[in-house]
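One structure is given here, and the rest of the page talks about it.
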Amino acid sequence: MTEIEKLLSDELIDTAWGNDLFGENSRRDVINKTVLKCASGYSSGSIATSIVRYLGLVKPKKWKLTKLGKKYLYTVFVK
């Protein structure tokens, strides 16, 4: 199990995802880009936003990363 999978398991992502489709992008790729957009001050689509909020990466009422979201972003792009 990789470090990123320890933070967010595939089962949790599958639960949050439901039946939504994002073309050829992998689920983790969509999550990674959405978290990066949030950290950079850009908005994202409502479904992707709902998913990262459900996963606890973004604060429920604000478009800011949680502690888990910051750790996830760092782990994705640094390691």
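Read the figures in this text as sums done on the coordinates, not as results from a lab. Computed from a prediction, not measured in an experiment: that's the story for all the values here. We place every Cβ from the backbone using ideal geometry, glycine too, and count neighbours over all the protein chains shown.
Put a plus charge on the Cβ of each Lys and Arg, a minus charge on the Cβ of each Asp and Glu, and nothing anywhere else: the dipole of segment 3-78 about its Cα centre is then about 660 debye.
For the chain, compute Rh as the Kirkwood radius over C-alpha pairs and then the Stokes-Einstein diffusion coefficient at 4 °C and 1.567 mPa s; write the answer in µm²/s, rounded to an integer. Roughly 103 µm²/s, to the nearest whole number.
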